[in-house]
Amino acid sequence: MKPVRPRHAASLILLRKQAGGTRVLMGRRPTKSRFAPDVFVFPGGRVDAADYDRPVASALAEDCVRRTGADPRLAAALATAALRETEEETGLILPREHGPLTLAARAITPTNSPVRFHARFFAADADLASGEAADSGELADLAWRSFDESLALPLYDITEAVLRTLQAQGAPFMMTYRAGTTLVRALD
C-alpha cells in the first residue's frame, strides 16, 4: 500500500513563566478522534487554504522560516494556522504577529499511519494571548501544567520529545520515522 502523503499542520506551545517554573498549555484529544485519540497535545491542526491569505502584523524571523523547511509563504501559513487553531481549540486569542514565534520542532508522522502530517511546533510566550483558556470539542482537560506534570500524561513520542527539549532549553529538532526507527536531528 502506498503511504498517505503528509498534510501540513502546525501547533502552538504556549509557555507561561511564573514563580515555581514554566507551565505549558495542553489538552486531551477526544477518544473518538481519528488522529491522536485520547492523548494530550498542544493546540494545533492542519493548514487551511485561508491561512495563506490572512494578513499578519509581523513576519516570522528568517531563522524560524528556515527551520520550518518551507518557503516563506508556507511558513507564514503554518504560523497563521497555529494561531487560528489555538483560538478555535482554547478560546485564547493571539495577535496576528508571527515575529514572536520560535520553532521548537518539526515532525513527519510514520509512513504506515492512515493520517499523516508534516507538523511544525511553534512556541510563544503565553503573555501574548488574551482571554481565558477553556475546553472545546477538540481539546478537553485543558490546563496550564508544569513540564513534570505534562510528561506524566498520555503523550505521543513527539510531544514528549518537545516537552523534554523545552524543559532543557534545548535546540529545535526534526523527528521522522523510517522502517520502524525514529530518527531525530537538530535543526540548524
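Each row is one residue, and each column tells you yes or no for (1) within 17 Å of residue 123 (Cβ to Cβ); (2) without any contact (Cβ under 8 Å) to a residue 12 or more places away in the chain; (3) surrounded by fewer than 17 Cβ atoms within 10 Å (Cβ to Cβ).
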{"position": "53", "(1), (2), (3)": "no, yes, yes"}
{"position": "68", "(1), (2), (3)": "yes, no, no"}
{"position": "73", "(1), (2), (3)": "no, no, yes"}
{"position": "77", "(1), (2), (3)": "no, no, no"}
{"position": "93", "(1), (2), (3)": "no, no, yes"}
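Residues of the stretch 88-123 being over 30 Å from residue 4 (Cβ atoms) and of a type in the set (A, V, I, L, M), which ones?
Scanning the stretch 88-123 gives 92, 93, 94.
Identify, please: which residue in the stretch 152-175 is under 16 Å from the mean Cα position of the chain (by Cα) and more than 20 Å from residue 102 (Cα to Cα) and is, among those, surrounded by the most Cβ atoms within 10 Å (Cβ to Cβ)?
155
For the stretch 20-44, give me the residue count where each residue is part of a strand (DSSP E or B) and either modelled with pLDDT of 95 or more or crowded, with 21+ Cβ neighbours inside 10 Å (or both).
Looking only at that region, the number is 10.
For the stretch 109-124, which positions are closer than 14 Å to residue 46 by Cα, modelled with pLDDT of 95 or more and hydrophobic (A, V, I, L, M, F, W, C)?
119, 121, 122
Pairs only if they're at least six apart or on different chains, beta carbon under 6 angstrom, first in the stretch 169-188 and without any contact (Cβ under 8 Å) to a residue 24 or more places away in the chain, second in a strand (DSSP E or B); list them, first residue then second.
What qualifies is 171/186; 183/176; 184/173; 184/175; 185/174; 186/173.
So which residues in the stretch 1-19 are of a type in the set (Gly, Ala, Ser) and surrounded by 15 or more Cβ atoms within 10 Å (Cβ to Cβ), if there are any at all?
If the condition is that a residue be of a type in the set (Gly, Ala, Ser) and surrounded by 15 or more Cβ atoms within 10 Å (Cβ to Cβ), then 9, 10, 11 are the ones that fit.
Those residues that are surrounded by 12 or more Cβ atoms within 10 Å (Cβ to Cβ) and polar (S, T, N, Q), I need them from the stretch 127-151; list them, please.
136, 146, 150
Would you point out which residue out of 110, 100, 114 is part of a loop (DSSP other than H, G, I, E, B) and either under 13 Å from residue 129 (Cα atoms) or among the aliphatic types (A, V, I, L, M) (or both)?
100
Would you confirm, using the coordinates I've provided, whether residue 99 is surrounded by fewer than 21 Cβ atoms within 10 Å (Cβ to Cβ) and modelled with pLDDT under 95?
Against the criterion (surrounded by fewer than 21 Cβ atoms within 10 Å (Cβ to Cβ) and modelled with pLDDT under 95), residue 99 does not qualify.
For every residue, the table says whether it meets (1) of a type in the set (A, V, I, L, M, F, W, C); (2) more than 30 Å from residue 180 (Cβ to Cβ).
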position	(1), (2)
62	no, yes
76	yes, yes
99	no, yes
105	yes, no
117	yes, no
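The values are calculated or read from the model by the stated rules, or taken from the named source; none is laboratory data. Source: prediction; values computed, not measured. As a convention, Cβ positions derive from the backbone with ideal geometry for all residues, glycine included, and neighbour counts pool all protein chains shown.
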